[in-house]
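Report on one structure; see the data block that follows.
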Amino acid sequence: EAQVTQNPRYLITVTGKKLTVTCSQNMNHEYMSWYRQDPGLGLRQIYYSMNVEVTDKGDVPEGYKVSRKEKRNFPLILESPSPNQTSLYFCASSADRGRGFDNEQFFGPGTRLTVL
Amino acid sequence: GEDVEQSLFLSVREGDSSVINCTYTDSSSTYLYWYKQEPGAGLQLLTYIFSNMDMKQDQRLTVLLNKKDKHLSLRIADTQTGDSAIYFCAERGTGRRALTFGSGTRLQVQP
């Protein structure tokens with residue numbers, strides 16, 4: 001089954017304790033992205049990756065890191081989490097068929113993170 | 001920057017039609033999307049429309065696009081309780097990969 005998986009689905013942690021949220025897709029997609037969802041703000045992009053070893057900042061990158069060592073995986077790293085990073089996080093992936101094509105983004109199920 | 005706005009809440013009775021509205025500011029928007037998010041789940045793409053189209057129909061869903069006014073709407077015919085969810089409008093401009101999302105409209109369907 002084609003899907004995007006995220007782990008963990010739920011996480012409660014404390015300020016300053018490094019954590020990683022994993023994201024994996026089995027569709028051989030080039031493009032992967034992380035979003036955070038906050039009430040009243042919709043989804044905002046954190047980081048994205050056009051392909052292996054190619055990553056770039058989205059709209060709200062502060063406090064986050066990513067890596068793309070393999071095509072299928074795109075982990076989100078919080079080196080020193082703070083309470084304002086409490087949010088619902090979504091990973092997404094899409095094929096890269098070039099401009100002019102609608103490259104539908106497939107979303108993972110979400111990771112609810114609470115930072116105390 | 002680009003902005004997408006939606007009303008926060010809509011309540012309808014089962015069997016009625018629902019209309020969810022969205023406005024956007026990016027004049028270069030190429031694709032406009034409607035996503036559905038059920039409780040505890042990720043986002044599911046419902047439908048999308050190219051910017052050179054005025055209307056798209058897909059079973060119970062009708063998308064209307066007024067490009068001049070930068071207004072997008074989603075009509076759900078014969079709304080069912082299973083349609084209760086949050087609906088997100090999103091747009092993607094020419095050459096951009098990232099989607100810009102609205103804040104979501106919570107649709108409540110009453111029996």
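Look through B:87, B:48 and report the one residue that is surrounded by 16 or more Cβ atoms within 10 Å (Cβ to Cβ), aromatic (Phe, Trp, Tyr) and at pLDDT 95 or above.
Working: B:48 fails: at pLDDT 95 or above.
Answer to the selection: B:87.
Take the conditions away from every other protein chain (no Cβ under 11 Å) and either at pLDDT 95 or above or surrounded by 13 or more Cβ atoms within 10 Å (Cβ to Cβ) (or both) and apply them to residue B:65. Does it pass?
Numbers: away from every other protein chain (no Cβ under 11 Å): yes; either at pLDDT 95 or above or surrounded by 13 or more Cβ atoms within 10 Å (Cβ to Cβ) (or both): yes.
Yes; evaluated as a whole, the condition is true for this residue.
Which one is modelled with the lowest pLDDT, of the residues in region A:68-101 that are surrounded by fewer than 15 Cβ atoms within 10 Å (Cβ to Cβ) and of a type in the set (D, E, K, R)?
A:99
Pull out all pairs, ordered by first then second residue, where Cβ-Cβ is under 8 Å, the residues are six or more apart or on different chains, the first lies in region A:52-64 and is at positive phi, and the second is of a type in the set (Gly, Ala, Ser) and loosely packed, with under 15 Cβ neighbours inside 10 Å.
Short answer, once both residue conditions are applied: A:63/A:80; A:63/A:82.
Residue-wise test of (1) part of a strand (DSSP E or B); (2) away from chain B (no Cβ under 12 Å).
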residue	(1), (2)
A:2	no, yes
A:6	yes, no
A:23	yes, no
A:34	yes, no
A:40	no, no
A:55	yes, yes
A:62	no, yes
A:70	no, yes
A:80	no, yes
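I'm trying to understand the selection: among the residues of region B:71-89, which are more than 8 Å from chain A (Cβ to nearest Cβ) and in a strand (DSSP E or B)? Break it down into steps so the answer makes sense when it comes.
Restricting attention to region B:71-89, the residues satisfying the condition of being more than 8 Å from chain A (Cβ to nearest Cβ) are B:71-87, B:89.
Selection gives B:71, B:72, B:73, B:74, B:75, B:76, B:85, B:86, B:87, B:89.
In region B:90-111, what residues are in a strand (DSSP E or B) and among the β-branched types (Val, Ile, Thr)?
First pass over region B:90-111, keeping only residues in a strand (DSSP E or B): B:90-93, B:100-101, B:105-110.
Once the filter is applied, which keeps residues that are in a strand (DSSP E or B) and among the β-branched types (Val, Ile, Thr), region B:90-111 yields B:100, B:105, B:109.
The values are calculated or read from the model by the stated rules, or taken from the named source; none is laboratory data. Please read all numbers here as calculations on a predicted model, not as lab measurements. Every residue, glycine among them, receives a Cβ derived from its backbone with ideal geometry; neighbour counts consider all protein chains shown.
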